[in-house]
1. Roughly how many percent of the accessible protein surface of the chain is carbon and sulfur, given a 1.4 Å probe and a whole-percent answer?
2. With +1 assigned to the C-beta of every Lys and Arg and -1 to the C-beta of every Asp and Glu, and no other charges, what is the dipole magnitude of the chain about the Cα centre in debye, to the nearest 20?
3. Relative contact order (percent) for the chain, with alpha-carbon contacts under 8 angstrom and 6 or more residues of separation?
4. Are there GluC sites (Glu not before Pro) in the range 75-124 that DSSP puts in a loop and that have at most 16 other Cβ atoms within 10 Å, and which ones?
5. Of [x] 1.11; [y] 0.99; [z] 0.93, which is the value of Cα Rg over 2.2 N^0.38 Å derived from the coordinates here?
6. If each DSSP helix of 4+ residues adds -39,500 (n - 2.57) and the sum is divided by the residues in the chain, what number results at 222 nm, nearest 500 deg cm²/dmol?
Amino acid sequence: MPRRKILVIDDEKDIQAIVRAVFQHAGDQVLSALDAVQGLMLARQPGVDAIILDINMPGGGGYTVYQRLSTITATMNIPVLIYSVAPRDQVLQQIAESATTAFLAKPAQPEEIKAAVDRLLGAS
């Protein structure tokens, strides 16, 4: 039985593969979405523990996804790691970091991604 359910919303298949490997190795279940629409659909599944969200992607983009996630009752309390090449200061102008929202710049080592999600889940 998986420990946690992690949703990765990122249009880069290589990033998804790396994240999937890291979290599956830790015993977690990983869901993947290649665009905003699919990501919002999967986020509503019961039991999603954390979301790793890219900013620059097709189908609405990460800012729109984040805004929607924060207004949908079923998803508003799910911790989100913004994992993007977008400049940190640019992202933080639109999305504030908090106990359940953090930013990590791409590229990061797999251990850094896992540690960032672990911190978010420890805070939620």
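The values are calculated or read from the model by the stated rules, or taken from the named source; none is laboratory data. Being a predicted model, the structure only gives us computed values, none of them experimental. Quick reminder, even Gly has a Cβ in these numbers, built from the backbone with ideal geometry, and neighbours come from all protein chains shown. In case anyone asks, the SASA skips ligands and DNA or RNA and just uses the protein heavy atoms, side chains included. Shrake-Rupley method; radii C 1.70, N 1.55, O 1.52, S 1.80 Å.
1. Numbers: 3380 of 6260 Å².
Looking at the chain in its full context, I get 54 percent from C and S.
2. Details: 11 positive and 13 negative charges, 68 e Å.
The calculation lands at about 320 debye.
3. Working: 216 pairs, mean separation 28.6, N = 124.
Taking the mean separation of contacting Cα pairs over the length of the chain, I get 23 percent.
4. Details: sites: 97, 111, 112; in loops: 97.
In loop regions of the range 75-124 (DSSP not H, G, I, E or B), the sparsely surrounded GluC sites (Glu not before Pro) are 97.
5. [z]
6. Values: 5 runs with 51 residues, N = 124.
That comes out to -12000 deg cm²/dmol.
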